[in-house]
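Have a look at the structure below, then the notes.
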Amino acid sequence: MEIHDLLFRFLGSGHLDKKFVTDNVISFTLSGRDTTSVALAWFFWLISNHPNVDSEILKEIEEKSKTGARYDEVRDMVYTHAALCKSMRLYPPVPIDSKEVVIDDVLLNGTKVKRGMAVLYHVYAMGRIEQIWGKDWAEFQPEKWLECGVAWRGVATEKWRLVAKDSFNYLLFQVGLRICLGKEMAFLHMKRMVVGVLKRFKVVPEKRENGLEPDFVA
Ligand code: HEM
């Protein structure tokens with residue numbers, strides 16, 4: 001049987017130093033586990049309250065995913081991708097992140113920061129700023145991340161195409177040198193999970209007697 005797990009791929013790409021490989025596999029495993037599971041928990045919660053989004057995803061699964069396992073199948077599932085982006089904007093798996101200042105510096109807005117200070121950015125709050133995301137920022141509308149694919153002479157080629165968002169407004173995966181190394185893998189993994197679950201189950205919201213909704217603790 002051929003093995004294609006992460007460890008196998010590291011070793012196969014020429015990384016033979018035991019410490020390097022161990023550190024990286026642990027880092028990938030820890031970084032990838034809680035983030036994607038938290039993202040999916042909130043995603044399914046939103047889906048359970050938005051049957052219109054659920055049925056649009058089901059249509060996409062029907063059209064594009066025969067097995068739900070192949071990379072090229074889930075890669076093209078743009079509506080599901082947009083729904084995940086939108087869900088993680090409202091409920092980011094890494095809601096707050098911090099950095100330590102290594103040299104005295106001045107931020108773009110004029111704020112002076114001194115060596116040793118901690119600088120925090122609040123992804124959860126940033127995902128809810130009306131000036132960035134508009135008055136309807138709280139709505140779960142994946143269409144906001146999509147546009148119709150219009151080709152030569154106005155003939156639509158495909159129903160949806162992803163609209164790129166400014167990564168500095170959508171800091172979910174960080175940007176630049178510290179960008180999440182597993183970003184693409186995260187989407188691939190989550191889309192496969194979404195296909196696997198929604199193909200078999202209808203996700204329904206739990207009826208709570210006290211009427212309370214789940215609380216997001218950042
Ligand atoms: C929705 C899921 C995920 C989110 C929101 C997320 C978010 C992030 C963020 C914000 C960072 C930067 C931390 C920092 O330096 O400040 C990061 C780093 C990292 N992520 Fe993810 N991540 C996700 C999934 C994954 C997955 C699935 C993997 C691997 C399979 C992964 C692997 C890593 C690694 C290795 C780093 C460290 C990069 C470095 O040291 O510069 N992540 N992630």
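Read-outs throughout are calculated quantities, based only on the coordinates presented, and are distinct from any laboratory measurement. Here the structure is a predicted model, which is why all the values come from computation and not from measurement. Positions of Cβ are backbone-derived with ideal geometry, glycine not excepted, and every protein chain shown enters the neighbour counts.
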| said: Could you tell me the center-to-center distance, by alpha carbons, between segment 4-67 and segment 90-116 in angstrom? | reply: 28
| remark: One computes Rg over Rh for segment 17-200 from alpha-carbon atoms, with the Kirkwood Rh, and obtains 1.02
| query | What is the distance, in nm, between label points placed 7 Å from the Cα along the Cα-to-Cβ direction at F20 and at N109? | reply | 4.0
| query | Which FRET efficiency value, to the nearest 0.05, is calculated for K183 and K207 with the Förster distance at 25 angstrom and r the Cβ-Cβ distance? | reply | 0.10
| remark: Pseudo-spin-label distance D166 to H122, built 7 Å along Cα→Cβ, given in nm, is 2.0
| query | Where the only charges are on Cβ atoms (+1 Lys, Arg; -1 Asp, Glu), what is the dipole of the chain about its Cα centre, to the nearest 20 debye? | reply | 200
| said: Over segment 155-194, what portion of Cα pair distances is larger than 11 Å, expressed as a whole percent? | reply: 74
| remark: With 0.36 nm assigned to each residue of separation and the Cα-Cα distance removed, E130 to A41 gains 29.6 nm
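Membrane-span-like helices in the chain: DSSP H runs reaching 24 Å or more (Cα, own axis), mean Kyte hydropathy at least -0.5?
Details: long enough: 18-49 (47 Å, 0.42); 183-200 (26 Å, 0.15).
Correct list, ordered by number: 18-49, 183-200.
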